[in-house]
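Peer 1: I have a structure I would like to understand better, so I am pasting it below and will then ask my questions one at a time.
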Amino acid sequence: MSGTILVGAQWGDEGKGKATDQLGDRVDYTVRYSGGNNAGHTLVVNGEKYALHLLPSGILNPGVPVIGNGVVVDLGVLFSEIDALEARGIDTSRLVISANAHIIAPYHKVLDKVTERFLGKRKIGTTGRGVGPAYADKINRVGIRIQDLLDEELLRDKVEAALAAKNQSLVKIYNQLAIDPREVADELLSYADRVRPMVRDVARELNDALDEGKLVVFEGAQAHHLDVDHGTYPYVTSSNPIAAGACTGSGVGPTRLDRIVGIAKAYTTRVGEGPFPTELLDADGDRLRNAGGEFGTTTGRPRRCGWFDPLVVEAACTYNGVTDVFLTKLDILTGWDKIPVCIGYDVNGTRVTTYPVIMDDIVAATPVYEYLDGWSEDISEARSFEELPPTCQAYVRRLEELIRCRISGIGVGPGREQVVMLHDLID
Ligand code: GDP
Ligand code: IMO
Ligand code: MG
């Protein structure tokens, strides 16, 4: 039995895709368990760049890529991603999708945009992909599932039911045109023949695989601090990207999981609205953004950048039961004379050393820094810890102390092979 979860430990874009991809051909199944195409996971393999939104990163390795029940699926995006990969010679035929996964329908995308507009200055800064409204429908029990595509009559009825109330609010509140349920159903059904062969009882298949001793890797999307229960609510996504979400989002019980890997960037970034205590709004922030290429894979938005915040990562490690941290983009910090690392917050005159639960305190938090020595050597060719400059090693060791978790892998460049491993991530 071997189940491993890779979960984002900050606000997303930590390099979960790359961390998953570099596990390579030892992985039998790679499972996306939450989120939708709000995610953007960029991989660089043999100099070729791939930006994945819905497909698990395992699509580039020989194992079986899986879309679990916890994911919301935009069928148009799914098939354009598949077609684009096939055109580049990547075989996508092994992909399986849970019969219970929900569908992002065209009206979810309309609702995502109009609700953001109505929030005005209170907007969340969503990716506009319809993810929040699709999860809202799931919880409201008016969602459309992948298995509904297999029964035309049922699907048409469900779309009609879902739109009955929505059209009232679209027209009367949001000043939009009503959406024709027939057109929506026709569009969704146009994908039915392509989807049918991929539809599986994913929960059964993954449990059988674990029984056979196969390695199942759960690739998180978003991150702990974007989790609807544990993140900076309301500036969060509408699902549970945390490690526990891998269980609800795939049908695998907690007893079947061995390792939980937290993915953390060597500094911090965030896209969209919401508090970010170590954010840099000055030239240092621009320098990090430019060095790290911090522009969104999904929306192209510039990412907000700041120093590493161990309080953020320690909370993620603790609440996810993280066993190992994979620290990415350490190479991007090359060239700083001193690197500030946050060791606590000043919250209205009180010193705080753990991440606060009260949102007002997170908003009011002013970081207190210690300053570690930087390094100037190029580390992108390093493949062992000993090859890293002593001050770089000391930075990693100090972060380990502050986050109270061992760092088992380090990213030193975007390429699949650009990693330094201290401990294997797979038992
Ligand atoms: P994800 O959403 O967590 O998968 O992360 P993204 O793909 O959105 O953003 C991470 C970006 O950093 C991508 O462009 C990766 O190719 C790149 N990346 C990942 N790890 C490293 C690393 O160790 N060094 C460098 N320089 N780039 C990395
Ligand atoms: P990956 O998997 C970074 C953010 C959005 C917004 C909030 C809600 O690439 O790390 P949503 O569209 O989900 O309703 O938007 O969540 N967000 C992400 N930020 N990386 C992501 O995914 C994100 N997915 C959602 O910017 O602030
Ligand atoms: Mg991303």
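Peer 1: Test of understanding: what is the full-extension gain from I139 to E153, defined as 0.36 nm times their sequence separation minus their Cα-Cα distance?
Peer 2: Once the chain is fully extended between I139 and E153, it gains 2.8 nm.
Peer 1: Sticking with this structure for a sec: Excluding ligands and nucleic acids, what accessible area in Å² is computed for D180 using a 1.4 Å probe, to the nearest 10?
Peer 2: The accessible area of D180 comes to roughly 50 Å².
Peer 1: Another question about this same structure. Can you compute the helix-only [θ] at 222 nm over the chain? Use -39500 (n - 2.57) per DSSP H run of at least 4 residues, normalise by all residues, nearest 500 deg cm²/dmol. Intermediate results must be reported in sequence, preceding the final value.
Peer 2: Values: 13 runs with 131 residues, N = 427.
The helix-only estimate for the chain comes to -9000 deg cm²/dmol at 222 nm.
Peer 1: Every cysteine in the chain with no other Cys Cβ under 4.7 Å from its Cβ, please list them in numeric order.
Peer 2: That list is C247, C305, C342, C392.
Peer 1: Listed highest first by mean packing, meaning other Cβ atoms within 10 Å per residue, what order do 348-354, 103-109 come in?
Peer 2: Result, highest mean first: 103-109, 348-354.
Peer 1: To continue, here is another question. What residues qualify as long-range amide H neighbours of G296, i.e. H under 5 Å apart, gap of 5 or more or another chain, H built at 1.01 Å from N?
Peer 2: Under 5 Å from the amide H of G296: R301, R303.
Peer 1: Oh, and also: To the nearest 10 Å², what's E205's accessible area with a 1.4 Å probe?
Peer 2: Surface accessible to solvent at E205 totals approximately 50 Å².
Peer 1: Let me ask you something else. Using the Cα gyration tensor of the stretch 108-241, with a ≥ b ≥ c the square roots of its eigenvalues, what is the shape: rounded (a/c below 1.5), prolate (a/b larger than b/c) or oblate (neither)?
Peer 2: Details: a/c = 2.83, a/b = 1.20, b/c = 2.36.
Because a/c hits 1.5 or more and a/b fails to exceed b/c, the stretch 108-241 counts as oblate.
Peer 1: Given a 1.4 angstrom probe, I'd like the percentage of the accessible area of the chain that is carbon and sulfur, rounded to a whole number. Intermediate results must be reported in sequence, preceding the final value.
Peer 2: Values: 8640 of 17280 Å².
Solvent-exposed carbon and sulfur of the chain make up 50 percent of the total.
Peer 1: Just to be sure I understand: if I project the alpha-carbon convex hull of the stretch 291-423 onto a plane and average over all orientations, what area do I get in nm²?
Peer 2: On the way: hull surface 36.3 nm².
That works out to 9.1 nm².
Peer 1: Express the Stokes-Einstein translational diffusion coefficient of the chain in µm² s⁻¹, to the nearest whole number, given a Kirkwood radius over alpha-carbon pairs, 37 °C and a viscosity of 0.692 mPa s.
Peer 2: Details: Rh = 22.1 Å.
Result for D is 149 µm²/s.
Peer 1: With just the Cα atoms defining each centre, how far is the stretch 341-368 from the stretch 284-305? Give it in Å.
Peer 2: Cα centroid to Cα centroid, the span is 24 Å.
Peer 1: Okay, next question. For F295, F385, F118, give me the order by solvent-accessible area with a 1.4 Å probe, most accessible first, ignoring ligands, DNA and RNA. Don't skip to the end; give the middle numbers.
Peer 2: On the way: F295 95, F385 20, F118 125 Å².
Ranked from most to least accessible, the order is F118, F295, F385.
Peer 1: State, to one decimal in nm, how far the label point of R301 lies from the label point of R94, with both points 7 Å from Cα in the Cβ direction.
Peer 2: Label-label distance for R301 and R94, simple model: 3.5 nm.
Peer 1: Here is a follow-up. For the chain, with every protein chain kept in place, what is the accessible area per residue (1.4 Å probe, Å²)?
Peer 2: Working: 17280 Å² over 427 residues.
Solvent-accessible surface per residue comes out at 40 Å².
Peer 1: With 25 Å as the limit, write out which pairs from K214/K329; K121/K172; K113/K138; K121/K158; K49/K338; K16/K166 have Cα-Cα distances beyond it, or answer none.
Peer 2: Check vs 25 Å cut-off fails for K214/K329; K121/K158; K49/K338; K16/K166.
Peer 1: Another question about this same structure. Report for the chain the percent antiparallel among DSSP-assigned beta bridges with both residues inside it, nearest 5.
Peer 2: On the way: 25 of 59 bridges.
Expressed as a percentage, antiparallel bridges in the chain total about 40.
Peer 1: Among the helices of the chain (complete DSSP H runs), which have Cα atoms covering no less than 27 Å along the helix axis and a Kyte-Doolittle mean of at least -1.0? Spell out each step's value before the answer.
Peer 2: Working: long enough: 152-172 (30 Å, -0.34).
What comes out of the filter, once short or polar helices are dropped, is 152-172.
The values are calculated or read from the model by the stated rules, or taken from the named source; none is laboratory data. For clarity, every value in this text was computed on a predicted model and none was experimentally measured. Using ideal geometry, Cβ is built from the backbone for each residue, glycine included, and neighbour counts are taken over all protein chains shown. What goes into the accessible areas is simple: the full protein's heavy atoms, side chains included, and nothing from ligands, DNA or RNA. Shrake-Rupley method; radii C 1.70, N 1.55, O 1.52, S 1.80 Å.
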